[in-house]
1. Find the percent of Cα-Cα distances in chain A that exceed 26 Å, and round it to a whole number.
2. Taking H as built 1.01 Å from N, whose amide H comes closer than 5 Å to the amide H of A:Leu100, not counting residues under 5 places away?
3. Once both axes come from the Cα atoms, what is the angle between helix A:165-175 and the longest principal axis of chain A, in degrees from 0 to 90, rounded to 10?
4. May I ask you to derive the FRET efficiency for C:Ser53 and A:Phe37 from their Cβ-Cβ distance with R0 = 45 Å, giving the value to the nearest 0.05?
5. Whole-Hz Karplus ³J(HN,Hα) for segment C:57-63, in order, using 6.51 cos²θ - 1.76 cosθ + 1.60 and θ = phi - 60°, x for Gly and Pro?
6. Below 8 Å, C-alpha to C-alpha, sequence gap of six or more: please give me the relative contact order for chain A in percent.
7. Given 20 °C and 1.002 mPa s, how large is the Stokes-Einstein diffusion coefficient of segment C:50-186 in µm²/s, with Rh as the Kirkwood radius over Cα pairs?
8. Need one number: nm distance between label points at A:Phe22 and B:Tyr19, each 7 Å from Cα along Cα→Cβ, rounded to one decimal.
Amino acid sequence: MKEEVIREPLWKIRLRLWMRSFKQNWELFREKKLALFGLGVIIFFAIFGALYPMYPVLMKNIFWKDQEDMFSAMKPYDPIIGYDPFIPGHPSPPSPRHPLGTDPLGRDILSQLMYSTPREFTLGITAALITVVIGTMIGASSAYFGGVVDTFFMRLADIVMLFPTLALLMVLSAFIELDLLKLALILGFISGFGSITIVLKAQALTVKVRPFIEAAKSAGGSDMYIIFKHIIPNILPLSFLYMMFGVTSAIFSEAVLSFFGLVNVRMSWGIMIHTAESQGYLGGEFIGKFWWLWLPAGASITLLCSAFYFLGRGLEEIVNPRLRKR
Amino acid sequence: MEILSVKDLKMYYKTKLGYVKAVDGISFTLDEGESMGIVGESGCGKTSVSMTILRLLPENAEFMGGKVLFNLDGKTVDLVSLPESEMRRYRWKGISMIFQAAMNSLNPVYKVGDQIIEAMLNHNPKLSMDDAKKKVAELFELVGLDPRRMDQYPHQYSGGMKQRAIIAMALSCDPKIIIADEPTTALDVIVQDKILREMKKIQEKLNMSMIYISHDIAVIAEVSDKIAVMYAGKFVELADSITIFKKPMHPYTYGLMHAFPSVTGERKELTTIPGEPINLLNPPKGCRFAPRCPKADERCFSEDPEYVEVEKGHFVACHHPLEVGEVINFGE
Amino acid sequence: MGNEKTILKIEGLRKLFPAERRLFRKVRKFVHAVDGVSYEIREGESLALVGESGCGKTTTGKILVGLYEPTDGTVVMDGRDVTPFLFESYGKAENYIRRVYIDKFKNGGNGNHIGNFEEYKKIFKDKFNGNEREFVKYILKDRKKEMKNLRKKVQMIFQDPYESLNPRMTIFDTISEPLNIHNIGNLKEREEMVAELLDAVGLTPPETFMFRFPHELSGGQRQRVAIARALILKPRFIVADEPTSMLDVSIRTGIMKLMLKLADEYNMSYLYITHDLAVARYMSNRIAVMYLGKIVEMGDIEEVLKNPAHPYSKALLDAVPVPDPEVKREEPNISGSVAKPINPPARCRFYDRCPYRMERCKKDPHPQLREIAPEHHVACYLFEK
Ligand SMILES: Nc1ncnc2c1ncn2[C@@H]1O[C@H](COP(=O)(O)OP(=O)(O)OP(=O)(O)O)[C@@H](O)[C@H]1O
Ligand SMILES: Nc1ncnc2c1ncn2[C@@H]1O[C@H](COP(=O)(O)OP(=O)(O)OP(=O)(O)O)[C@@H](O)[C@H]1O
Ligand code: SF4
Ligand SMILES: [Mg+2]
Ligand SMILES: [Mg+2]
């Protein structure tokens, strides 16, 4: 459609309206300390991951200054193939050269941690996005159409919820090579049919019975128009919230699968722990002695997962007025 | 004989954005056997007035002053200064209340009769079960319900029957005054008519005083001896019902009177009061009706009009009260 | 008035809702929400539909705007039967055509209340040589488009201004939504149309309202927005479902006056649904009193209010409180209260509460509407010899 604009362009007005509602919600959000903490942690990890390319450069300029020509071919800060021959034994404890030590294969832990961070984000957010897109559409359609459609998807959700996703993935990993993208797709897809559809359907049902839906219908809006223009925008905040929880569960699932070495990913937090475990450093007394092998990755998983979770809970109070204390 | 006298009652709700001045200097008296109506639009503070009198206020309510003198058996007490334990004695037995939308508050899992008995026992623990049952049966008879329905559950009642049960509950401790907050809103006209008639009959029979609260001036006109018109936390006019209708003096009262179409008589033009009811949150100074009032001048915007008795029993708060027969035009 | 053009004519409209839920078995209990309602609305006229809660007023209105499918009956708009387009599924529309047209073409029968009955009969005989399937196909060939056209002509205003606007859409988006759906105009034209309407409904200056959200408006302002939305397609006919009952008294009259003014300006007709007889009198020229799915009395509003004939109308009128403390009303002569019309017995719907009921009322079916005076119809055996 050809769109002509008078006065202020429409997108500008829309942007301004959006900014305003954002501001109002931010005011509410700011009061939730835990959610703020979650947001802080997420931002921290985002920056942390983004800084990865800087890390070797930085270290080179500090510790390798004199030895530049000698070892220019070596990459001791590469998270996957790096091996530092200047350290007598691996795994080595934290030192100025390797702030978080090295792993049993002589690789720098901090670089592994940083390298993995954007991948964790990608995985979590991709999976959650898929979940939410599927869940929102199914939830909205089930509520709107009811009847057979509804019954089918609700029973399907029951089945998915009963189904052990992780076990399925473990079996699946024997047949196909699970890389990060495939994992995100599968995780997102499966949970998209799960409990989220039930929650969103319940929400959509409360929207469906409101008279503005009938107003749109009597204006001639088609089913799809009403679902996309009226129902989905009104449940979107809740979907967004569930996306946060989705990120948590995707990151966590990946960690578990990697821990068992079932995922074909070059590096991830789960794999870091897997490496420590497979080399026998997590058993008995070793676990305390070689803490740097598992603690950074473990703490990162826990922190990032809970950060998204807290953020979700904080948003929930904004999205769901019933939880709002006034 | 005067049974209730409210003097300059003030109660504000404290909110994040400031004080909501819901009850801001209300005064009136009520005689024994008299019925008073309070009319006003949604949010003007009608419910808040009754809740302040009964001291059933939410946490964020702040009592800002005033007196509620209640005369029981020749003794006058100020309900405002009573300790809570004493106050409890006056609620229900002295003044009882039919809450707004109370018919939806009947507990669906208990029998209606039992709910009334429980309310009675709460206020009179010495009552025996048999006496309580007998009393409930009498009350049911009084409000026009079949006593056999005592053992039914609320969902087996129609809206009108639920409202009757609520009235029976309010009567259960033989109060001297009943405050009925929108007792018939949401009921059909025929049911409303029956309930109002019933209440009027009971009131006359038991020589009770009543305070009716409603936004419907026609309902108030039918049941009240005198009428208070409330606007934005204040009474703007109070007089006996005929006076209020025949010679209203406050422009808002005038506007309200002419805003209702009627099924009888001439088909007259209706007035529209322009603008919106003002926000009770930090109201501006001056008369609160001024922004909507065609007679307002500078004084109205700067100086709060005093609530004065212009003739016996007729109170008005307006700088420019209407003359008898004066017509005002609210414009389009 | 009297012989102006009829815009809308409804014949024997029925709507049953299942009153029980049964899996795999036929539902046997139905709420007879609307049970054989007929009336017509003339150009520029407003018909008030009054009655107690649950008597089927809203249902009648919703059928007209295509929100419910009729169980039975015919809706004729501008002389043309539009009922087949009100059905969502082809099959139901086909059933309707078979029942109302084809069966009558074949077995003889009267369809004169439908303006295009004879025309269809001719098409059926001449063009399709009695080929039923082809005939049905022919009538329903543009049914989606027809429905859209119909929706342009008939719009509805809902009772609750707080719920009838999408909280996530700006006022501009809400009002221009029908334009969007029907693909009318470009953005600039839409803006102009919306601004013009906002002006017309008294939300001035329009620029200050266009990009607000509903929660930033008062109840009265929202209802004005709802009215503007209903008007934007320039409908011929508006179903107004208690548009003022949720509003404050001082604002109510403003909306009522606005609606009268707009009816005049845009030459629209109303079906004005209300439970308040006084409002009905202010807004309408004619009135239909409904009781449990049936119209029991209908006619010129002043005539009906002055000389109510049906026992129910009388009681209803007697029960209206009068805003005059000097008037003492009679007690309405009626007992009991409204019940839900679940599989009601065939006799007069009002029988159980009627103070004048006779032996005949018990045995005979529900009485037909009969003209007892010019422009005054009543359905009651008291008026039949
Ligand atoms: N707990 C509260 N905290 C803050 N404001 C309140 C509270 N309760 C009521 N209010 C405000 O006080 C004002 C008076 O409320 P109140 O319920 O007394 O009005 P009302 O006249 O009974 O209205 P209605 O006819 O709608 O019942 C309103 O503006 C309302 O928003
Ligand atoms: N979608 C539905 N499903 C089942 N029953 C319905 C449905 N809509 C309405 N009904 C029933 O149909 C009857 C008529 O309802 P309707 O809403 O038309 O009444 P109304 O006259 O508009 O009442 P009110 O004045 O309360 O709005 C009622 O008994 C109602 O319970
Ligand atoms: S037909 Fe009979 S029962 Fe029905 S309203 Fe008339 S008199 Fe009453
Ligand atoms: Mg109230
Ligand atoms: Mg209705």
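Every read-out reported here was derived from the displayed coordinates using simple, explicitly stated rules and does not represent laboratory data. All values reported here derive from a predicted model rather than from experimental measurement. Note that we place each Cβ from the backbone using ideal geometry, even for glycine, and neighbour counts take in every protein chain shown.
1. On the way: 31213 of 52975 pairs.
More than 26 Å apart: 59 percent of the Cα pairs in chain A.
2. Close amide H contacts, sequence-distant or interchain: A:Ser95, A:Ile109, A:Leu110.
3. 60 degrees
4. Numbers: r = 52 Å, r/R0 = 1.15.
With a Förster radius of 45 Å, E is 0.30.
5. Calculated HN-Hα couplings, in order: 5, 4, 4, 4, x, 5, 5 Hz.
6. Working: 418 pairs, mean separation 77.9, N = 326.
Relative contact order here is 24 percent.
7. Values: Rh = 17.2 Å.
Translational diffusion coefficient: 124 µm²/s.
8. Going from the A:Phe22 label point to the B:Tyr19 one covers 3.9 nm.
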